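Structure first, commentary second.
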Amino acid sequence: MRTLPLWVIIPVKPLDEAKSRLATSLSPEQRALLARELLTHTLQVVGQVPAVTQVMVLTRQPGPVDLVADRAVQLVEEIGNAGLNPALLAAAHLAIEQGAQAVLILPADLPMLAVGDLERLVALADPPPVVVVAPDRHHEGTNALLCAPPSLIEYQFGPESLRLHQAQARLAGARLEVCDLPGLALDIDLPEDLDLLRSQGPDFLPPDLGLTG
């Protein structure tokens with residue numbers, strides 16, 4: 001992967017819509033704060049990975065502009081309401097037009113993500129053609145997806161996405177790699193995810209969230 005231009009695409013919901021399934025645990029203001037902190041953390045980690053050529057933030061609203069203004073990040077607006085997978089495909093084609101030969105789709109809700117996690121994932125992608133998937137902690141969803149070349153498969157984020165992405169890789173005749181790491185496994189969607197994160201210690205939670213006591 002050192003010789004391939006690798007683009008990271010980070011899909012981000014409008015901050016005032018983020019983490020709606022945490023409504024029983026957090027106020028709207030807390031959910032927006034959590035989403036901002038998670039995106040900031042993701043950008044910081046990605047920015048330290050030498051193999052990354054360019055970072056895209058894909059969003060339906062300009063909410064994250066202030067978070068990416070001082071970073072080498074391309075902000076791409078999601079057009080229409082076709083859904084996440086078509087929007088990711090459009091972003092991948094834009095990356096291809098600008099020279100990308102590999103794309104890593106990385107959600108912005110992985111609080112334990114570390115530079116070493118992404119370096120190990122990227123290392124599995126040589127040589128292409130290849131699909132690298134990082135499972136969530138339930139081994140049902142996909143918490144990171146690297147495709148080289150970017151248009152190798154159809155993106156299948158949603159229910160049972162891990163199984164669907166693996167099937168897509170086999171259908172394409174591509175090498176399939178699974179990168180199962182703790183730092184990639186925990187995404188924050190439900191109250192029990194937040195409880196698990198809190199059990200890891202206060203360093204993983206924004207101090208203003210009011211959950212570290």
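Screening ASN143 with (1) over 21 Å from GLY47 (Cβ atoms); (2) touching a residue at least 40 places away in the same chain (Cβ under 8 Å); (3) polar (S, T, N, Q) gives one miss only, at (1).
Scanning the range 1-29 for residues that are surrounded by 18 or more Cβ atoms within 10 Å (Cβ to Cβ) and either assigned to a strand (DSSP E or B) or of a type in the set (S, T, N, Q) (or both), we see that the one that is farthest from the chain's Cα centre (by Cα) is LEU6. Within the range 137-160, the set of residues being under 16 Å from the mean Cα position of the chain (by Cα) and crowded, with 21+ Cβ neighbours inside 10 Å comprises GLY141, THR142, ASN143, ALA144, LEU145, LEU146, CYS147, PRO150, TYR155. For beta carbons closer than 7 Å, sequence separation of 6+ or different chains, a first residue in the range 46-68 that is at pLDDT below 90 and a second that is polar (S, T, N, Q) and surrounded by fewer than 19 Cβ atoms within 10 Å (Cβ to Cβ), the qualifying pairs are LEU67/THR40.
In the range 103-118 there is at least one residue matching the filter, namely being in contact (Cβ under 8 Å) with a residue 60 or more places away in the chain, of a type outside the set (A, V, I, L, M, F, W, C) and surrounded by fewer than 16 Cβ atoms within 10 Å (Cβ to Cβ).
I need the full set of residues from the range 106-150 which are of a type in the set (Ser, Thr, Tyr) and at positive phi, in order please.
none
In a residue-by-residue description of the range 87-97, the property of being part of a loop (DSSP other than H, G, I, E, B) and not β-branched (Val, Ile, Thr) applies to no position. All told, ASP180 falls short of being more than 15 Å from the chain's Cα centre (by Cα) and touching a residue at least 40 places away in the same chain (Cβ under 8 Å). Taken as a whole, the structure leaves ILE96 outside the set of residues that are modelled with pLDDT of 90 or more, within 16 Å of LEU38 (Cα to Cα) and of a type in the set (A, V, I, L, M).
Just to be sure before I move on: is LEU75 under 25 Å from LEU33 (Cβ atoms) and part of a loop (DSSP other than H, G, I, E, B) in the structure I sent? It is false that LEU75 is under 25 Å from LEU33 (Cβ atoms) and part of a loop (DSSP other than H, G, I, E, B).
Mind telling me which of the residues VAL45, VAL55, VAL49 ends up being in a strand (DSSP E or B), within 18 Å of the chain's Cα centre (by Cα), of a type in the set (A, V, I, L, M, F, W, C) and within 19 Å of LEU184 (Cβ to Cβ)?
VAL55
In the range 71-88, the residues that are surrounded by 11 or more Cβ atoms within 10 Å (Cβ to Cβ) reach residues that are modelled with pLDDT under 90 and assigned to a helix (DSSP H, G or I) with C-beta atoms within less than 9 angstrom, at least six apart or across chains, in these pairs: VAL73/LEU67; GLN74/VAL68; LEU75/VAL65; LEU75/VAL68.
The values are calculated or read from the model by the stated rules, or taken from the named source; none is laboratory data. Bear in mind the structure is a predicted one, so any value in this text is a computation, not a measurement. So basically every Cβ, Gly included, is an ideal-geometry build from the backbone, and we count neighbours across all protein chains shown.
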